[in-house]
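The values are calculated or read from the model by the stated rules, or taken from the named source; none is laboratory data. Because the structure is predicted, anything quoted here is derived from the model rather than measured. Methodologically, a virtual Cβ is constructed for each residue, glycine included, from the backbone with ideal geometry; neighbour enumeration extends over all protein chains shown.
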Amino acid sequence: MPKSLPPTDMPAWESPLPAPIPDNLRDRLSPVVMEIYSAGDFHRADMRTIAREAGMSFRTIYRYFGDKEALLFWFIQHWLEGLYPAALEPLDGDGELRSKLLRVLTLHLEFYERNPNVGRIIFMTVPLERWMRDPSFGQRNLMRRMLHAITDAQQQGELRSDIDARTVLDAFNAVFNRAFLMWEYRRRSYSLPGQAAPLFSIVWNGVSVSKPAAVGAKRSRNSLAK
């Protein structure tokens, strides 16, 4: 049987929540933050440049965000509102997990094709060690939905139960990273969502339960045909 997941399984570092960000401040900063962080090195970006490009005072940005890490992590969370929770809606309802996960993967790749600068920031620019210390990295509620669906499929015999559900989730999530990086490296010369089916088949064939009865039946039919 798959291992149960304790409530403390996924770490969450405590950090003070920022003051509510006014809509006009968010809207002025968002394109500037996206452009600066997607086009350059995280360590070369600074809040004074961001303030200047957005046409506002450094003090205003500092009052709401404190530093450039908090600023970037807040906007990553904001940009991902265009992806979640809609990308996980296929997990709801009846149906086989294979079709649901393929649809989840396709929705992710569609999002990153529409928003390549968000992908560049998440997969290429953000300092991962620092982001891992921010609550926005874990996406705890969303990942728990995925783990719940995987664990249910393991209990029903659809997925291998000898693999920890977290490992299955990690393999699935790793597809986003590699698919986007190579799409960028190859200069976006093909459809990113078009890679969903072949990439997913690789992961699925490794974690799904084989059906020996069907194989045996096929062999029997082949024997009779001889």
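Those residues that are surrounded by fewer than 17 Cβ atoms within 10 Å (Cβ to Cβ) and not in a helix (DSSP H, G or I), I need them from segment 37-81; list them, please. Listed by number, the residues that qualify are Gly40, Asp41, Asp46, Gly55, Met56, Ser57, Gly66, Asp67. Of all residue pairs spaced 6 or more apart or on separate chains, those with beta-carbon atoms under 7 Å, a first member in segment 96-107 that is assigned to a helix (DSSP H, G or I) and a second member that is surrounded by fewer than 18 Cβ atoms within 10 Å (Cβ to Cβ) and of a type in the set (D, E, K, R) are Leu97/Glu158.
Just checking, does segment 12-19 include any residue being crowded, with 17+ Cβ neighbours inside 10 Å and modelled with pLDDT under 95?
As a first pass, look at segment 12-19 and keep what is crowded, with 17+ Cβ neighbours inside 10 Å: none.
No, segment 12-19 contains no residue that is crowded, with 17+ Cβ neighbours inside 10 Å and modelled with pLDDT under 95.
Okay, residues lined up against (1) under 27 Å from the mean Cα position of the chain (by Cα); (2) at positive phi; (3) hydrophobic (A, V, I, L, M, F, W, C):
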site: Ser38; (1), (2), (3): yes, no, no
site: Glu53; (1), (2), (3): no, no, no
site: Thr60; (1), (2), (3): no, no, no
site: Arg63; (1), (2), (3): no, no, no
site: Trp74; (1), (2), (3): yes, no, yes
site: His78; (1), (2), (3): yes, no, no
site: Tyr84; (1), (2), (3): yes, no, no
site: Pro90; (1), (2), (3): yes, no, no
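In segment 151-176, how many residues are in contact (Cβ under 8 Å) with a residue 60 or more places away in the chain and assigned to a helix (DSSP H, G or I)? Looking only at that region, the number is 8.
If you go through segment 108-125 and keep only what is surrounded by 19 or more Cβ atoms within 10 Å (Cβ to Cβ) and aliphatic (A, V, I, L, M), you end up with Leu109, Val118, Ile121, Ile122. Would segment 180-192 turn up any residue that is out of contact with any Pro (no Cβ under 6 Å at 6 or more places or on another chain), part of a loop (DSSP other than H, G, I, E, B) and buried (at least 18 other Cβ atoms within 10 Å of the Cβ)? Yes - at least one qualifying residue is present in segment 180-192.
In segment 124-138, what residues are of a type outside the set (Val, Ile, Thr), part of a helix (DSSP H, G or I) and either under 11 Å from Ile76 (Cβ atoms) or without any contact (Cβ under 8 Å) to a residue 60 or more places away in the chain (or both)? Talk me through it step by step, then tell me what you get.
Narrowing segment 124-138 to residues of a type outside the set (Val, Ile, Thr): 124, 127-138.
Right, trim to part of a helix (DSSP H, G or I) and you get 124, 128-131, 135-138.
Leu128, Glu129, Trp131, Ser136, Phe137 - these are the residues of segment 124-138 that are of a type outside the set (Val, Ile, Thr), part of a helix (DSSP H, G or I) and either under 11 Å from Ile76 (Cβ atoms) or without any contact (Cβ under 8 Å) to a residue 60 or more places away in the chain (or both).
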